[in-house]
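Heads up, the thing below is written out as structure tokens.
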Amino acid sequence: MAVAVGDTAPDFELPATTGDKITLSSYRGSSNVALVFYPFTFTGVCAGELCELRDDLARYEAAGVQVLAISCDTKFAQALWAKDQGYTFPVLSDFWPHGEVARAYGVFNDTVGCAMRGTFIIDKAGVVVDAFQTDTLGQAREKALYDSALAKLA
């Protein structure tokens with residue numbers, strides 16, 4: 001991963017499924033962030049991972065963590081999927097320039113043209129306190145990795 005623990009997280013501005021523009025810097029000083037890159041909208045492993053986050057969202061909120069999910073899909077496809085799955089956290093589109101934010105974080109897969117499953121836990125100061133990713137697109141991230149990462153914010 002190009003962004004490592006201890007680095008300042010690269011800022012970005014991406015469209016959300018609501019049409020709003022979301023910047024990482026807007027959370028600085030007020031909220032920790034779980035930046036969750038996923039490969040493809042409307043796929044089983046991605047849905048499983050994001051549904052797990054959705055179902056455990058109160059735990060993230062109690063820890064002062066804003067979940068932001070990012071893929072290189074269009075915001076229109078993501079909007080349908082987010083509504084269908086009941087995601088209440090922002091789902092952001094890194095569609096154009098294609099994968100620019102995923103590239104900045106070092107999780108873009110040039111061969112397939114999508115983000116890898118990379119997660120960055122960012123504190124209120126904008127510093128990465130934990131980062132992890134899977135080895136393959138078809139492998140889900142383990143819940144224990146999130147548990148360990150959240151503990152680093154305390």
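No lab work stands behind these numbers, since they all come straight from the coordinates. Note that the structure is a prediction, hence the values are computed from the model and not measured. Cβ: placed from backbone, ideal geometry, glycine included. Neighbour counts: every protein chain shown.
If the requirement is being of a type in the set (A, V, I, L, M, F, W, C) and not in a helix (DSSP H, G or I), which of these qualifies: Val45, Val36? Spell out how you get there, then give the answer.
Numbers: Val45 fails: not in a helix (DSSP H, G or I).
Sole residue among the options that is of a type in the set (A, V, I, L, M, F, W, C) and not in a helix (DSSP H, G or I): Val36.
Within the bounds of the stretch 19-31, is there any residue that is touching a Cys at 6+ places or on another chain (Cβ under 7 Å) and within 22 Å of Val3 (Cα to Cα)?
Within the stretch 19-31 (the criterion being touching a Cys at 6+ places or on another chain (Cβ under 7 Å) and within 22 Å of Val3 (Cα to Cα)), the answer is no, since none of the residues qualifies.
Is it the case that Thr43 is within 20 Å of Gln139 (Cβ to Cβ), surrounded by fewer than 18 Cβ atoms within 10 Å (Cβ to Cβ) and not charged (D, E, K, R)?
Details: within 20 Å of Gln139 (Cβ to Cβ): yes; surrounded by fewer than 18 Cβ atoms within 10 Å (Cβ to Cβ): yes; not charged (D, E, K, R): yes.
So Thr43 passes the test.
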